[in-house]
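Step one of this worksheet: look at the structure below.
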Amino acid sequence: MSETLFTKIVKREIPADIVYETDNVLAFRDISPQAPVHILIIPKEEIESVRNMTGAEHGKLLGEMIDAANEIAKQEGIFEDGFRLVFNAGAKAGQAVFHLHMHLLGGRVMKWPPG
Ligand code: 5GP
């Protein structure tokens, strides 16, 4: 199976502005930011969508992604003001890249409901 766009970023085969990395998780700036801070937090492992995850199998990994989000929010100076975490699951929800990613958005006032 061909590797995903985000696996190519993990392998440094295509460039990205990487802001955080552990053994299991990578985070980099979105190429088309929707807020002053817009970072994608991904597992290095190829998981298609949050729909393919279970707490039993992936709970630790999800916890590491939340740790990453909190740490990056502090690095970016948006931890106290607030930020938004988003998973788009499936095409109708706006998922375009089928390698799991959590959007970290902040640096401006967020509207609700989202579009
Ligand atoms: P989705 O719509 O699947 O939830 O989010 C995919 C995100 O990946 C989009 O916000 C899009 O701007 C971002 N993206 C797509 N291609 C690239 C790329 O090559 N590099 C980076 N850094 N972000 C990308």
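Observations, loosely collected:
- The set of residues in the range 98-115 that are assigned to a loop (DSSP other than H, G, I, E, B), under 26 Å from K8 (Cα atoms) and not aromatic (F, W, Y) comprises H99, L100, H101.
- Residues being farther than 18 Å from V19 by Cβ and more than 9 Å from the ligand (Cβ to nearest atom) - total across the range 92-107: 1
- Residue that is surrounded by the most Cβ atoms within 10 Å (Cβ to Cβ) [pool: residues in the range 12-31 that are more than 12 Å from the chain's Cα centre (by Cα) and within 13 Å of the ligand (Cβ to nearest atom)]: A16
- Qualifying residue in the range 77-97 (condition: in contact (Cβ under 8 Å) with a residue 60 or more places away in the chain, aliphatic (A, V, I, L, M) and assigned to a strand (DSSP E or B)): no
- Scan the range 43-60 for residues that are part of a helix (DSSP H, G or I), surrounded by fewer than 17 Cβ atoms within 10 Å (Cβ to Cβ), of a type outside the set (G, A, S) and in contact with a Leu (Cβ under 9 Å, 6 or more places away or on another chain) and the total you get is 1.
Rule-based calculations on the coordinates, nothing more; no lab input. None of these values were measured; they are calculated from a predicted model. As a convention, Cβ positions derive from the backbone with ideal geometry for all residues, glycine included, and neighbour counts pool all protein chains shown.
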